[in-house]
Structures are given as C-alpha cells and as structure tokens.
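Every read-out reported here was derived from the displayed coordinates using simple, explicitly stated rules and does not represent laboratory data. These numbers were taken from a predicted model, which means no experiment stands behind them. Every residue, glycine as well, gets a Cβ built from its backbone with ideal geometry; the counts of neighbours run over all protein chains shown.
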Amino acid sequence: MIFMSRMAVPYFGAFLLCGCVSMADYKVAMDNDGSFAAYDNQFAVDSMNYPVFALASNVRKRNPRPPNVGPKWADDESTDFFPSDHWEIAKVVGDRYLAYSFQYNERYCRQQLAMNRKWMYKTCDESHEMNKYVDQYAYLYIRRDGSAYGWQYVNNNKKMPFEKTFFKVGFDGDWKGQPWFKCIKRCDKLMNMK
C-alpha cells in the first residue's frame, strides 16, 4: 500500500494532467522570439499550386562550391546544393513559403545516417519509405523571386509521431548573393506566392 500526504496528491494529479513537454515547446519557451512549436502537417499545401525552383546556373559559375549554409555536422561540412535539386513549395506558414527537395533530402538523409553508426547500413530513398531512421528533413525558406533566406528542420513523423516541430528560420552561414534559385516549372503559379 502506498501512503501519500494530502499535500502530495494535488501535485501528483497535476503532473498526470500536464504530461510531458515536447523539446520544441521547451525551445519556444526559452527563445521567446516569435518562434513556435506546431505539428507541421497543418501547414501542408498542394505543391501543384506553386512553382518549382532549382539552383540558378550563375550561382555555380560564381563559386564552384555552393555557399556553406546547409545543415551542419561534426566536420562543419554542409550538404551541397546541386542544380539537379528541384525545390517544390510544400508548406506555407503564414506568409512564409517552405520548399522541399526530394533529391536534396536524400543526400541529407544519408548524411544523418552516416553520423549514427547504428544506422550506417540503412538506406535512404526519395519516397521516404526507408527514411524512418532519420530525425528530420530540411526545408528551405524561399521567396517568389528565388531568394532563399533560411532553413527549417521538420521532424520526421515516422520516427517521432508525437513530437512537434520547432518553427524558426535557421539562417546561419553566408546567404549573400541572392537570388540563388530560379523558377523552372509551373512558373505561372508564381502569382500564388505573395
């Protein structure tokens, strides 16, 4: 039989009611800068209603190695942009447009798996069927003129189904020389971006 004082009962009940605070909610409370925690699915849009972007050819001519602004790892290297990466608008958060590239995220997935010896023999693919081992996907904040201005890391819901994403523009690195991207498909849909 468990004995509790009368004072302990209300606190124990409050603990049961509140549950666990997600890491994203904790970060919001600590930052207090307009960032917020939310489930990313509520911001999903039909990509067919928006243009598709790719790296402009002059960006690679100016500098054969793209700017080092990608997701950083222990060796401080980032996942490079390639002209073959197609960036589609996948989420709209207020007046911000988040573009996603299956090609880019396949490389980003491999980079994440390489960092964890436990998953180093697992594979990544564009369909994400095998990507249940990675923690997050990288989205790019982009404007209709092709200017990119930051990253958004979205939690992998297959791995963490109840974890909210911490929405905050990640703009570490050198973002000068914009716009880096140009519209390559569905350019008539540029008008759908404010």
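To the nearest 0.05, what FRET efficiency results for ASN41 and GLN178 with a Förster distance of 41 Å applied to their C-beta separation?
Numbers: r = 29 Å, r/R0 = 0.72.
The pair ASN41/GLN178 has a calculated efficiency of 0.90.
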Between ASP25 and ASP95, what length in nm is gained on full extension when 0.36 nm per residue of separation is reduced by their alpha carbon distance? 23.0 nm
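List, in the order given, every pair from LYS91/LYS168; LYS164/LYS194; LYS91/LYS194; LYS91/LYS176 whose Cα-Cα distance in the structure shown is over 20 Å.
LYS164/LYS194; LYS91/LYS176
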What nm value, rounded to one decimal, do you get for the distance between CYS187 and ASP33 when each label is placed 7 Å out toward the C-beta? 3.7
